1. Of all residues in segment 68-107, which are over 27 Å from PRO46 (Cβ atoms) and surrounded by 14 or more Cβ atoms within 10 Å (Cβ to Cβ)?
2. Being polar (S, T, N, Q) and in contact with a strand residue (DSSP E or B) (Cβ under 8 Å, 6 or more places away or on another chain) is the filter; apply it to segment 30-55 and report the residue that is modelled with the lowest pLDDT.
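The values are calculated or read from the model by the stated rules, or taken from the named source; none is laboratory data. Since the structure is predicted, the reported quantities are computational estimates derived from the model, not experimental observations. A quick note on method: Cβ atoms are made from the backbone with ideal geometry, for glycine too, and the neighbour counts reach across all protein chains shown.
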Amino acid sequence: MRPRNQVRGWIVAIFIAISLAIAPAARAQSTPAAAPPTATGPYDMPIQSWQGLGCLYGSVTAATGVFYFQDMFAVALSGARNPLLMIPLMATGALAGCVFGYNSAPGLVWLYRLF
């Protein structure tokens, strides 16, 4: 056998020995703690789903409002009617509506539970 093959054989043997020595310790570890139960809102939907729904509803509502009042916003920003401002204005409105809807969803779920 050539020396190079002997070195490879020793490396493989050492690797297998270390793997077999570590394996019982890895199996002996305790199981991880159970995750806490997720908070649910109405209809047993998780709060995260309500926040996503609030984001969707808020962004659509705000973008529609910006589209309806785009002429006033464009005149306020540039001093003239500028149709090129419609896309950035609607995107900004959708982002603001999403943030508002996402952050207000847990509070609205809380109010729903009160009444």
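1. GLN70, PHE73, ALA74, ASN82, LEU85, MET86, LEU89, MET90, THR92, GLY93
2. Only one residue fits best here, namely THR38.
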